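Below is one structure, written out as structure tokens; comments come after it.
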Amino acid sequence: MSEQDIIDLLTGNLAYILGAILLVVIVVKGVRIVPQSEKYVVERFGRLHSVLGPGINFTVPFLDVVAHRISILERQLPTASQDAITRDNVLVQVDTSVFYRIIEPEKTVYRIRDVDAAIATTVAGIVRAEIGKMDLDDVQSNRDQLISTIKTSVEDAVDNWGIEVTRAEILDVNLDQATRDAMLQQLNAERERRAQVTRAEGQKRAVELQADAELYAAEQVAKARRIQADAEAYATGVVAAAIKENGLEAAQYQVALKQVEALNKLGAGDGQQTIILPANALEAFGDAFKMLKGGRG
């Protein structure tokens, strides 16, 4: 084999080798494997050509260039604090945090330079605007509603940036020391007012119960008197009926009964007193005993 043949052979093999190398380079340049958590923005001649999703993708080597590798994972902005004034002129400091993810990277890449700073600025403005529409008590009690309103407003504002706001949080609402002291005084005053109302209601209830007790006692006394009066009236009626039926003898009998009862009371003493009676009284008592004896007989 001559020297020329050897050169020709080497030249032919080199051509094959270069062709193989070129094929490998084309395959490597043309095949793009995109991770699940990313999207690739492809440019051709400096202009947006396509967006490559996760998996195997094919591009034109040397013409298509992966200009941006964008993560589509959910992101959290650093906690931001901003001052806001409520509708009732109270200065508050609000700590917020926003979670978002990029869903259209071609918009994010070509429409906004610093997406995190843009979202933070947007959130700050929306928080101030929404809190300015509410009183301090509403900010404290309707936090869920405020968060929902802020999230919706931020979504509308960043829609052209290819971003989805997944969550917005109000971490804390802080007040300056002067406002805290004023609120504490107001709280103490309200507690004292409630305590006074409770004491007044207790005293009122006590008076009402006392009045009810006195009224009940008076009703019972009146009821007893009424019963006693009815009994006396009944007794009087019985006597009157007896007098009507038996005439003077029944009346004398009742008088004699009363005289005997009086005598029994006089004799019920402890024996140390002296009782002086006129003579005619003794005769009257004797007549009474005779009448009672006759009446029983």
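All of the numbers you see were taken from the coordinates with simple rules; none came from a lab. Just so you know, these numbers come straight off a predicted model, no measurement behind them. When we count neighbours, we look across all protein chains shown, and the Cβ atoms used for this are built from the backbone with ideal geometry, even at glycine.
Tabulated results
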read-out	value
Residues in region 117-136 reached by a label modelled at residue 87 [backbone nitrogen below 18 Å; 7 Å Cα→Cβ]	126-136
Inter-centroid distance (Cα atoms) of region 79-120 relative to region 174-241, Å	61
Within region 164-196: backbone nitrogen closer than 20 Å to the residue 208 label point (7 Å, Cα to C-beta)	194-196
For 116, 230, order by how many other beta-carbon atoms lie within 10 Å, fewest first	230, 116
Contour minus Cα-Cα distance for residue 172 and residue 74 (0.36 nm per residue)	33.0 nm
